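Working notes, beginning with the structure itself.
The values are calculated or read from the model by the stated rules, or taken from the named source; none is laboratory data. Quick caveat: nothing in here was measured; it's all calculated off a predicted structure. Heads up, the Cβs are rebuilt from the backbone with ideal geometry, glycines too, and the neighbour counts pull from every protein chain shown. The accessibility values were calculated without ligands, DNA or RNA, using every heavy atom of the protein model including side chains. Shrake-Rupley method; radii C 1.70, N 1.55, O 1.52, S 1.80 Å.
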Amino acid sequence: MPNVITELDDGNPMTAPMAAPSQAPTYPTAPSTLADLGVPDVLIEDLILQRLVLDGRSSVTRMAAATALSVGIVDAAVDTLRQRMYLEIQGMDGRDYILAPTDKGKTEALSRGAACTYAGAAPVSLEHYTAMVEAQKGRSPITPATLGEAFADLVIAPGFLDDLGPALVSKGAVFLYGPPGTGKTSLAERMIKMYKDPILVPRAVEFDNQIITVFDPSLHEPVAPQPSGIDPRWVLCNRPCVIVGGELTNKQLELERDVSTGVYRAPLQMKANNGIFVIDDFGRQRMTPEEILNRWIVPLSRSVDFLTLAYGTSFTIPFDAKVVFSTNMRPDQLGDDAFARRIPNKVFVGSIDDGAFDQILAAVCKAMSISCNQEAANYMRALIRDQTEADLRPYYPMDFAKTLTAICDYEGRPKVMDRGAIDRVANIYFTKNDDAGVWDTQAAVAA
């Protein structure tokens, strides 16, 4: 059965703003005392001292903004650092104290900086982070209606969502497999649209006096504007969809310490918490499929992951990401029966039929202001089948439309998808075998 899809533009489907929750949620407010932070006092003092040395001169208000702390907490830490003669007050700016490090403070910051020079937003405790991830587990129901809405911009065969829905509802990973170019990646990246509620992502997490940065602007999309009065150590974001491909390495799944700063970067699965983690082109990584699955056995079954600091101390973090494996390879090519049992939710994504192809072509041409009729669709399908000896794939209409647009822009003529134009596109899109004189497809477009 054909099941597949195409997208009508080059935009990232994850950039569209999500709908606000139906009820106004309550967000954590900034703690007012050091004890309320849940992290060691000395870590906050180090943070303020490092920031002050970095800035050279600051004020209590500016320091509070730079470290995502309340003025009261900064005041308390400044008082302690002043008693130790690590900083001095150089005057007032209105009611705001002007701060500067002393020579003793600079020496102390340099000494402490040998271990860590972090000077950003104050971290939240691992305990608070764990509780927040648990509280933010996906609450939106997954039903035929919500799935239909999430994939409304795609052409999907009847009945396909009835296979996908139970796989998403059940515990464990989802395995999307099928030929190249059938839309597996487009399916995976749109799954996050099932969830309408945003989540809180910490800028950093503290464990054993170590800093682990979590918020990543390349993966997390903040909601604008941020709620008034929210604890600035947290960022309200749309649920994340982290997608990695053949470049995935084991290093990206573990804590990575920056030797120059002493700060740890959270692994990808931690950044994907409360969202979706897509491993595209599964089976093409340097890690074998068995190695990847062995890494995920405990997280997928127990909803916790184990991380290890550079000096050997291990700890657990919550694991609440829906893992989606997407591959062009057959399941039996990736491992044995035991391998297949570890991922019970396997959904086949196949080629498309004539009706779906024509529907995609019509939608693409309309979106790109290209004139096209049924005769052109019939001719394009016949040409593709003749030249590729393969089933129809949903990427052909978009590829042909883009190439036709470039040709028409170059030659200065109207955008009309007729037989002549299709032949012109094929002359560029396909390569010719000099020996046999027949068309050979370009390298297959990965799903």
Degrees between helix 354-367 axis and first principal axis of the chain (Cα, 0 to 90, nearest 10): 60
Under 5 Å, built H, 5+ apart or other chain: amide partners of ALA30: ASP231
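With every protein chain left in place, what is the accessible area per residue of the chain in square angstrom, probe 1.4 Å? Numbers along the way, then the final one.
Working: 20650 Å² over 447 residues.
That works out to 46 Å² per residue.
For Cα pairs less than 8 Å apart in space and 6+ apart in sequence, what is the mean separation divided by the residue count of segment 98-252, i.e. the relative contact order in percent? Please list the in-between numbers first.
Values: 133 pairs, mean separation 39.6, N = 155.
Averaging sequence separation for qualifying contacts and normalising by length gives 26 percent for segment 98-252.
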From phi via Karplus (6.51, -1.76, 1.60), per-residue ³J(HN,Hα) for segment 93-102 in Hz, x at Gly/Pro: 10, x, 9, 9, 6, 9, 10, 8, x, 8
Protein accessible area in the chain, 1.4 Å probe - carbon and sulfur %: 51
Free-standing Cys residues across the chain, given no other cysteine C-beta under 4.7 angstrom: CYS116, CYS237, CYS241, CYS408
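How high is the FRET efficiency between LYS402 and ARG284 when r is their beta carbon distance and R₀ equals 22 Å, given to the nearest 0.05? Walk me through the numbers on the way to the answer.
On the way: r = 25 Å, r/R0 = 1.16.
E(calc), rounded to 0.05, equals 0.30.
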Distant-in-sequence amide H partners of ILE211 (H built 1.01 Å from N, under 5 Å): TYR264
Inter-probe distance in nm under a simple model that places probes 7 Å from Cα toward Cβ, at GLU134 and SER314: 2.1
Gyration tensor (Cα) of the chain, equivalent ellipsoid semi-axes in angstrom: 51, 25, 21
3J(HN,Hα) from dihedral phi, segment 287-293, Karplus parametrisation 6.51/-1.76/1.60, rounded to Hz, x for glycine, proline: 6, 6, x, 5, 5, 5, 5
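Order the peptides 204-216, 343-355 from the highest to the lowest mean number of other Cβ atoms within 10 Å of their residues. Walk me through the numbers before you get to the answer.
Numbers: 204-216: 20.2, 343-355: 18.2.
Put in order of decreasing packing, that is 204-216, 343-355.
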For a label point 7 Å along the Cα-to-beta-carbon line of THR261, residues of segment 124-143 with backbone N under 19 Å: 124-126
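Among bridges DSSP assigns within the chain, what percent are antiparallel (round to 5)?
Of those bridges, close to 55 percent are antiparallel.
So for segment 83-213, what are the equivalent ellipsoid semi-axes in whole Å, largest first, each being the square root of 5 times an eigenvalue of the Cα gyration tensor? Don't jump to the answer; show the numbers that get you there.
Values: eigenvalues 536, 57, 43 Å².
For segment 83-213, the ellipsoid semi-axes come out as 52, 17, 15 Å.
Explain nothing, just the number: relative contact order of segment 307-421, from Cα pairs under 8 Å at least 6 residues apart, as a whole percent. It would help to have the intermediate numbers written out before the result.
On the way: 68 pairs, mean separation 28.8, N = 115.
So the answer I get is 25 percent.
Against the empirical 2.2 N^0.38 Å scaling, what ratio does the C-alpha Rg of segment 201-253 come to? Before the final figure, lay out each step's value.
Numbers: Rg = 13.6 Å, N = 53, 2.2 N^0.38 = 9.9 Å.
After normalising by residue count via 2.2 N^0.38 Å, the value is 1.37.
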Residue-by-residue Karplus 3J(HN,Hα) for segment 36-44, coefficients 6.51, -1.76, 1.60, Hz, glycine and proline x: 6, 5, x, 10, x, 4, 5, 5, 5
Cα-based radius of gyration of segment 218-304 once divided by 2.2 N^0.38 Å, which approximates compact folds: 1.28
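Set the Förster distance to 35 Å, then compute FRET efficiency between ALA224 and ALA114 from the Cβ-Cβ distance, nearest 0.05.
Details: r = 39 Å, r/R0 = 1.11.
In this case the efficiency is close to 0.35.
Within the set of other residues whose C-beta is less than 9 Å from the C-beta of LEU392, count the net charge using Lys and Arg as +1 and Asp and Glu as -1.
Working: positive: ARG381, ARG385, ARG393; negative: ASP353, ASP354, ASP391.
Charge balance near LEU392 sits at 0.
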Extension gain (nm, one decimal) between THR26 and ASP162, 0.36 nm per residue minus Cα-Cα: 45.5 nm
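Sort largest first and round to whole Å: the equivalent ellipsoid semi-axes of segment 112-183, each the square root of five times a Cα gyration tensor eigenvalue. Walk me through the intermediate numbers first.
Details: eigenvalues 320, 63, 31 Å².
They are 40, 18, 12 Å, listed largest first.
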Computed [θ] at 222 nm, deg cm²/dmol, the chain (DSSP H ≥ 4; -39,500 (n - 2.57); rounded to nearest 500): -11000 deg cm²/dmol
Highest-MSF residue in the chain out of LYS322, LYS104, LYS271 [GNM, Cα springs under 10 Å]: LYS104
Value of relative contact order over the chain, rounded to a whole percent, pairs C-alpha under 8 Å and six or more apart: 19
Distance between modelled label sites at LEU54 and ARG419, nm, 7 Å Cα→Cβ extension: 6.8
Partner aspartates and glutamates for LYS104 [C-alpha distance under 18 Å; skip if fewer than 8 residues away on the same chain]: GLU45, ASP46, ASP55, ASP79, GLU88
For ASP305, distant residues with modelled amide H under 5 Å away: ILE317, PHE319
